[in-house]
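Structure first, commentary second.
The values are calculated or read from the model by the stated rules, or taken from the named source; none is laboratory data. Note that the coordinates shown come from a computational prediction; the quantities given were computed from them, not determined experimentally. Ideal geometry is used to build each Cβ from the backbone, glycine not excepted, and the neighbour counts take in all protein chains shown.
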Amino acid sequence: MDFTTFPEVMAAAGNLWYLWLSAFLIPGIIMGIFTAKLAKKKGYHGYFFTGFFFNLVGLIYVVGLPMARDRQD
């Protein structure tokens, strides 16, 4: 494979769309599951998409949440 021009390189990268998709989806799904489980331990529900879309920032947010029983006082 001899890539001499930029469009040829971009065309070759575009043919591997499934690798690009999995490179973004798999870490997002893993972080979403981890964030949701941590939020559930703290007494919250529905934080999967916080971890999925915001990754590390979402995880830091969930870590900073108070325990649900402390929040009700």
### Query
Which residues, counting only those in region 26-49, are assigned to a helix (DSSP H, G or I) and small (Gly, Ala, Ser)?
Gly28, Gly32, Ala36, Ala39
### Test for Phe52: is it touching a Leu at 6+ places or on another chain (Cβ under 8 Å) and part of a helix (DSSP H, G or I)
no
### Message
Looking for something modelled with pLDDT of 95 or more and touching a Phe, Trp or Tyr at 6+ places or on another chain (Cβ under 8 Å) - is there at least one such residue anywhere in region 61-72?
### Response
yes
